[in-house]
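The values are calculated or read from the model by the stated rules, or taken from the named source; none is laboratory data. Model, not experiment: these values are computed from the prediction. Reconstructed Cβ throughout: ideal geometry from the backbone, glycine too, with neighbour counts over all protein chains shown. All accessible areas refer to the heavy atoms of the entire protein, side chains included, with ligands and DNA or RNA removed. Shrake-Rupley method; radii C 1.70, N 1.55, O 1.52, S 1.80 Å.
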Amino acid sequence: MSHFPTALPSVEAIALRGGPVLRWGVLAPGRIAGGFVWALHQHTDQRVHAVASRDPERAQRFAATYGIPHVHGSYEQLVADPHVDIVYVASPHSEHKRQALLAIAAGKHVLVEKPLALDAGEAREIARAARAAGVFAMEALWSRFLPQTLIIERLLRDGVLGDLRLVTADFGGRFEFDPEGRIFNPALGGGALLDLGIYPIWLAHFALGPPPRVHATGSLAETGVDGQAALILTYATGAQALLHTTLFAETPQEAVIAGTHARLQLDSRFFTPGGFTLKAARSEQRLRWADPSGIHGSEGLAYQAAAVARHIGEGQTESPLHPLEHSIALLETIDAARGQLGATHWRDRE
């Protein structure tokens, strides 16, 4: 398409209710899990049946807060519960592989918080196990399922932006240094790239695909994890992605996808429900889209929960929007970047 559109494409209303209702089990009830359960109960028909934690009192408090009827004293008990259809893994990164494999071995479907694992090798283990067991498995990369992402996907597919030349994206936040906490501890999979940087990297993969070349520079935190990183992803077409993440400062958290015909500017916190502006390359023509749903922030986690239920109801074992190979490719890029930075790998502390 060589001309600027008169209107943005529409997508069918995303059904958050109706369809198959799954009974969810939650492993590791922390802040992220709380946001997920609240969004799921507030905006979908999905229901959390049980929760388990290594700390029974913590699990009891979580269950009382979110109206969860059953509490299990161990992860093993939860995955063995015949009334649990799917397990949501919300533990620190270091536990993702072990808990995902535990659920898969019990014959449960599994949704694993991003990143799917600590590195691409672990992610491949999860993928092999899920495929062998015939159960659904997915990384909870919720941004992929948001309404604006579906519209942007259509724009890219229709060639509205022309030949893609550049993706820029950043996500940084300032964290108080705690060497034992999840963010800075190598043993827990700490570092900016796995926690924040995965979103800019995902956007580049979404628009341009996995990169043939990765160049990374940055600095390490005192614990040896990647504290700040700038990445240049280079493609055979000549397109590039310029990405940045940091644990040391709050950044605009904006993103741009630019092509020969138009550029697309995503609003701040581009990875959450929001909007974007499409601007023509050689004129002042522009179109604006804003999410009309009223769903904000972590409430957008509801979209991925509803999508997972639909996929499973259709008999699929991977999401057509975010299959396991996409999660593996994301981690391959992160592995390359961390290697170039000299970041302490979790295996270095074993």
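All conditions but one from (1) of a type in the set (D, E, K, R); (2) in contact with a helix residue (DSSP H, G or I) (Cβ under 7 Å, 6 or more places away or on another chain); (3) open to solvent by 10 Å² or more (accessible area, probe 1.4 Å) apply to residue 226; the one that does not is (3). Pairing residues of the stretch 181-193 that are more than 8 Å from residue 221 (Cβ to Cβ) and open to solvent by 10 Å² or more (accessible area, probe 1.4 Å) with residues that are of a type in the set (S, T, N, Q) and in a loop (DSSP other than H, G, I, E, B), at Cβ distances under 9 Å and at least 6 apart in sequence or on separate chains, gives 185/223. Scanning the stretch 263-284 for residues that are over 28 Å from residue 303 (Cα atoms) and modelled with pLDDT of 95 or more turns up just one, 280. Taking the options 282, 310, 263, 288, name whichever one is open to solvent by 50 Å² or more (accessible area, probe 1.4 Å) and in contact with a Lys or Arg (Cβ under 6 Å, 6 or more places away or on another chain). Result: 263 is the single residue among 282, 310, 263, 288 that is open to solvent by 50 Å² or more (accessible area, probe 1.4 Å) and in contact with a Lys or Arg (Cβ under 6 Å, 6 or more places away or on another chain). Summed over the stretch 1-29, the residues that are at pLDDT below 95 and among the aromatic types (Phe, Trp, Tyr) give a count of 1.
Looking at the stretch 37-92, the strands (runs of 3 or more DSSP E) lying wholly inside it that each contain 2 or more residues that are touching a Pro at 6+ places or on another chain (Cβ under 7 Å) sit at 47-52. Checking each residue of the stretch 246-256 against the condition of being touching a residue at least 24 places away in the same chain (Cβ under 8 Å), open to solvent by 20 Å² or more (accessible area, probe 1.4 Å) and in a strand (DSSP E or B) gives at least one match.
In the set (1) part of a loop (DSSP other than H, G, I, E, B); (2) in contact with a Leu (Cβ under 6 Å, 6 or more places away or on another chain); (3) of a type in the set (S, T, N, Q), the condition left unmet by residue 10 is number (2). The set of residues in the stretch 90-122 being under 14 Å from residue 328 (Cα atoms), of a type in the set (Gly, Ala, Ser), open to solvent by less than 10 Å² (accessible area, probe 1.4 Å) and more than 14 Å from the chain's Cα centre (by Cα) consists of 120 alone.
Residue under question is residue 268, and the condition is that it be among the small types (Gly, Ala, Ser) and within 18 Å of the chain's Cα centre (by Cα); does it hold? It is true that residue 268 is among the small types (Gly, Ala, Ser) and within 18 Å of the chain's Cα centre (by Cα).
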